[in-house]
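The values are calculated or read from the model by the stated rules, or taken from the named source; none is laboratory data. The structure presented is a predicted model; accordingly, all values stated were derived computationally and were not measured. Heads up: the accessible areas ignore ligands, DNA and RNA and are worked out on the full protein's heavy atoms, side chains in. Shrake-Rupley method; radii C 1.70, N 1.55, O 1.52, S 1.80 Å.
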Amino acid sequence: MSGGDIAGLIAAGVFAVLVLLLAVPILKLGRVLDEVRTSIRSLSDGATPLMDEVTATVSTTNQQLKKVDGISSNVADASANLSALSSLVAATVGSPLIKVAAFSYGVRSALAGRKKPAAGRRSR
């Protein structure tokens, strides 16, 4: 064996050791990727029913909001009707009450303006 053959054997041995050293991290990386694939699959399997439940919840919430919208529009109509009714009552009852109050004020003013003669006072 010549020196070139020995150098070739040493280079081949070093290359084999290098391949073995690089194979270990590659194998570990392969296991990590398998675990990641398994985790993603389990997340996907768990997310599908969750999405179905969220869809049902949103649908039910929209139905309830439609009912609340109907109720609020009915309340708005009722408050408008009550406002019109109070305006009508104020116009119907308020005007005569104002007249009665003005009349009673006038009567009180007339009676208060009428002075009684002072007792014990003499005229000249």
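Each residue in the range 1-17 was checked for being open to solvent by less than 70 Å² (accessible area, probe 1.4 Å) and outside any helix (DSSP H, G or I), and 1 pass. Restricting attention to the range 18-31, the residues that are open to solvent by 80 Å² or more (accessible area, probe 1.4 Å) and of a type outside the set (D, E, K, R) total 7.
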